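The values are calculated or read from the model by the stated rules, or taken from the named source; none is laboratory data. It should be emphasised that the depicted structure is a prediction, and the values quoted were computed from it without experimental measurement. Reconstructed Cβ throughout: ideal geometry from the backbone, glycine too, with neighbour counts over all protein chains shown.
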Ligand code: HEC
């Protein structure tokens, strides 16, 4: 059963070719549409990453790791919504198989995208730069995230983490799955959803 699932995914995640360029998508699309979706997705995810990193850096510097957890925990969801509202017409979410906040749990389509990144990384040793999915009335752009050294403060092996950080995480996220990572691991994705009619208008 599991094997059949993986085989199906390999088909769904097949690298499609349009005009000689590789497209990482679950449907074949004209290159112009891919470009519009990629531009939307990249702009939104870069903006979100910039805001989150700014917040994280300041919090780590001024409040230390335990205080920074509280900042992340209070602000990450709000910052994500604010960036989406600022751009307009889109939705943004961060998600991972090993999620910390249950709000970030992947839905069925997000799980397919996460599998696509995991499987391709396993097969080729490289993370594809993006993945596009067409689902009911919207296009979803996924940007993969890798673990960097600073992330280990809160997502590393609990044995090597500050015990106060471990304690705070347990208090705020009793079901936390987001530890045990190493530098370079695939951590999860940023998902940017864009309504189909917005893309169609931009492609005219
Ligand atoms: C100061 C501690 C801290 C650091 C450092 C940190 N995170 Fe997190 N991370 C958190 C907290 C707390 C959450 C839960 C936020 C929420 O409630 O939405 C989280 C959530 C996430 C999520 C959303 C999915 C989930 O698990 O809920 C991703 C993706 C993520 N972090 C990636 C990273 C990456 C990549 C780095 C390094 C660049 C990093 N984090 C550094 C504390 C941290």
### Message
Any residue at all in the range 89-96 that's more than 18 Å from the chain's Cα centre (by Cα), over 19 Å from residue 176 (Cβ atoms) and in contact (Cβ under 8 Å) with a residue 40 or more places away in the chain?
### Response
yes
### Query
Any chance the range 91-100 includes a residue that's crowded, with 16+ Cβ neighbours inside 10 Å and over 30 Å from residue 158 (Cβ atoms)?
yes
### Task
Filter the range 100-111 down to residues that are within 11 Å of the chain's Cα centre (by Cα) and near the ligand (Cβ under 7 Å from one of its atoms), then give me how many there are.
1
### Task
For the range 138-151, state whether one or more residues are near the ligand (Cβ under 8 Å from one of its atoms), surrounded by 17 or more Cβ atoms within 10 Å (Cβ to Cβ) and farther than 22 Å from residue 40 by Cβ.
yes
### Single unsatisfied condition, residue 71 versus (1) away from the ligand (no atom under 13 Å from the Cβ); (2) within 25 Å of residue 168 (Cβ to Cβ); (3) modelled with pLDDT under 95
(1)
### Query
Only one residue in 88, 125 is closer than 17 Å to residue 43 by Cβ and away from the ligand (no atom under 13 Å from the Cβ). Which one?
88
### Task
Take the range 45-68 and flag every residue that is within 15 Å of the ligand (Cβ to nearest atom), under 18 Å from residue 191 (Cα atoms) and either in contact (Cβ under 8 Å) with a residue 24 or more places away in the chain or surrounded by 17 or more Cβ atoms within 10 Å (Cβ to Cβ) (or both).
45, 48, 49, 51, 52
### Message
Need a quick list: strands (runs of 3 or more DSSP E) entirely within the range 95-204 having at least 3 residues that are within 20 Å of residue 72 (Cα to Cα).
### Response
138-146, 186-195
### Message
Taking the conditions exactly as written (modelled with pLDDT under 95 and not in a loop (DSSP other than H, G, I, E, B)), does residue 3 satisfy them or not?
### Response
yes
### Query
Within the range 168-179, how many residues are loosely packed, with under 12 Cβ neighbours inside 10 Å and in contact (Cβ under 8 Å) with a residue 60 or more places away in the chain?
1
## Note on the structure
Being farther than 24 Å from residue 109 by Cβ and exposed (fewer than 13 other Cβ atoms within 10 Å of the Cβ) narrows 201, 123, 164 down to just 164
